[in-house]
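Reviewing the structure listed below.
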Amino acid sequence: MFGIAALWILLLLLGGGIALDRVLNTAITRNFDAQLQYVLSAMIASAEIDPVGEVRFTRPLGDQRFLEPSSGLYYQVSGRGHEPFRSRSLWDRALAGHTGPPDEGLHIYDSDEFPDQPLRIMERSVRLPGSPVMWRFQVAQDRLALDDYIGVLRKTLIRSFAILGLGLIIMSALQATFGLWPLRAVRRQIAAVRVGRAARVDTRLPVEIAPMVEELNDLLAHNERQAEEARTHAGNLAHALKTPLTVIMNEASADSADLCNTVIREATTMRRQVDHHLARARAVGRRASGQSVAPVWPSLDSVERALSRLYPDSTIDLTGDRAVRVHVERQDLDELIGNIVENAAKYGGGRVFVTVEPPQQGFVEIVVEDDGSGIPEAQRQSIFGRGARLDTGKPGTGLGLAIVRDVAEIYGGTVQLEESEDLGGLLVRLRLPAAH
């Protein structure tokens, strides 16, 4: 940043200095030429032809330097066939003039015809009244004065721009240093978070980097949620495997004759639990890798067909929007709907009513109602805990609603338990992000 800022400042100052030097150089030169033109006009205005045909001035020019030899200011009037009329300052020298044919145009040029004095010459050819000769009027001035003015100007410009550039570079360095200084504090706080001395990065920082710190804290919170999900997932799996293992150990210790069948049955249960938790872990990975899309109605149809054979005494009615889709992997959607509808069929009184609501505010609601005894409002939150079961007389692991909530939250959805007004039992409201 320092290098780029310094290079850019130097380029801008260099370009600006060159442009300003040209402008001021042109202005000084024009002012110098304006003085020469004033003298040239005065020479032409006061010139006349004397009785012998030579040029003379009716009044002397006012500058004393025309009378001092080699003073640096000279004039000369010359015509074909006539001796040049020169200022005393020229002494024994003469101005050569430009090599083109005489005309009435104004000519300005630099000349080195005097080795010790570079000259700035202005000339014009004029035909005076009463004379057939085209007279060339010339005024010359030592260019050293002009060059000195320009040299002083350039030195002043170089010094001023050098000081300005140095000041800008120092200011840029200070601005970058103090502007980025809070990042040092952020680095120290991140190090503190890494070693466990702090849980979050302090947000009392300049507004310019506050969004970055907020995103960093959100990332830390997300990681904590991921870690908590992993711990919950491991706890759920451990709880699901604990009971089958206990049954197997008890049967083995008792030297039961039905040990083989027990091992097969419990091993099947454990495999089902392991497969389920692996699927949940894959859901987390799929959520992180991209958005999945699945239609809701095919999942409902497949779940309804499977549960109708499993619970022939229960009636499962489906209604609602058949075209909706959600941002959920198909396997996970089947797992979500299957768990909720299976609970309704298992613990209800025989009637299950499933409604798919049209998308609203970016979400699709799947409402599952049954005619069972429902769940008291005071226990609706605790039922989501691992292993929580209200009816222990029916087989199950107590993981259904807990897993439904976990998987739904993985995809940004929610699960709510309410009372069904139509059937009188439990109403489960599954809310998932809608897909277009």
Within the bounds of segment 110-128, is there any residue that is over 23 Å from residue 49 (Cβ atoms), among the small types (Gly, Ala, Ser) and in the same structural domain as residue 30 (by TED's automatic domain parsing)?
yes
Residue 73: surrounded by fewer than 16 Cβ atoms within 10 Å (Cβ to Cβ), in contact with a strand residue (DSSP E or B) (Cβ under 8 Å, 6 or more places away or on another chain) and touching a residue at least 60 places away in the same chain (Cβ under 8 Å), yes or no?
no
Considering residues that are surrounded by fewer than 20 Cβ atoms within 10 Å (Cβ to Cβ) and within 11 Å of residue 375 (Cβ to Cβ), the number found within segment 402-428 is 3
If I filter segment 198-206 for residues that are touching an Asp or Glu at 6+ places or on another chain (Cβ under 7 Å) and not assigned by TED's automatic domain parsing to the domain that holds residue 408, do I get at least one hit?
yes
Top-ranked residue of segment 190-220 - restricted to ones that are more than 24 Å from the chain's Cα centre (by Cα) and in a helix (DSSP H, G or I), ranked as surrounded by the fewest Cβ atoms within 10 Å (Cβ to Cβ)
195
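Residue check: is residue 164 closer than 30 Å to residue 25 by Cβ, among the hydrophobic types (A, V, I, L, M, F, W, C), surrounded by 13 or more Cβ atoms within 10 Å (Cβ to Cβ) and modelled with pLDDT of 85 or more?
Taking the combined requirement at face value, the residue satisfies it.
Quick one: which residue in 81, 62, 72 is out of contact with any Lys or Arg (no Cβ under 9 Å at 6 or more places or on another chain) and at positive phi?
81
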Looking at residue 247, is it under 28 Å from residue 338 (Cα atoms), of a type in the set (A, V, I, L, M) and part of a helix (DSSP H, G or I)?
yes
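I'd like to know if segment 348-369 contains one or more residues that are outside the structural domain of residue 273 (by TED's automatic domain parsing), surrounded by 14 or more Cβ atoms within 10 Å (Cβ to Cβ), at pLDDT below 90 and more than 51 Å from the chain's Cα centre (by Cα). I'd like the intermediate steps shown before the answer.
Let us first name the residues in segment 348-369 that are outside the structural domain of residue 273 (by TED's automatic domain parsing), namely 348-369.
Subset that is surrounded by 14 or more Cβ atoms within 10 Å (Cβ to Cβ): 348-349, 351-357, 359, 363-369.
From the residues that got through so far, the ones that are at pLDDT below 90 too are 348-349.
After this cut, where a residue has to be more than 51 Å from the chain's Cα centre (by Cα) as well, the list is 348-349.
There is at least one residue in segment 348-369 that is outside the structural domain of residue 273 (by TED's automatic domain parsing), surrounded by 14 or more Cβ atoms within 10 Å (Cβ to Cβ), at pLDDT below 90 and more than 51 Å from the chain's Cα centre (by Cα).
The values are calculated or read from the model by the stated rules, or taken from the named source; none is laboratory data. Here the structure is a predicted model, which means the values were calculated and not measured. Neighbour counts are summed over all protein chains in view; Cβ atoms, including those assigned to glycine, are modelled from backbone coordinates with ideal geometry.
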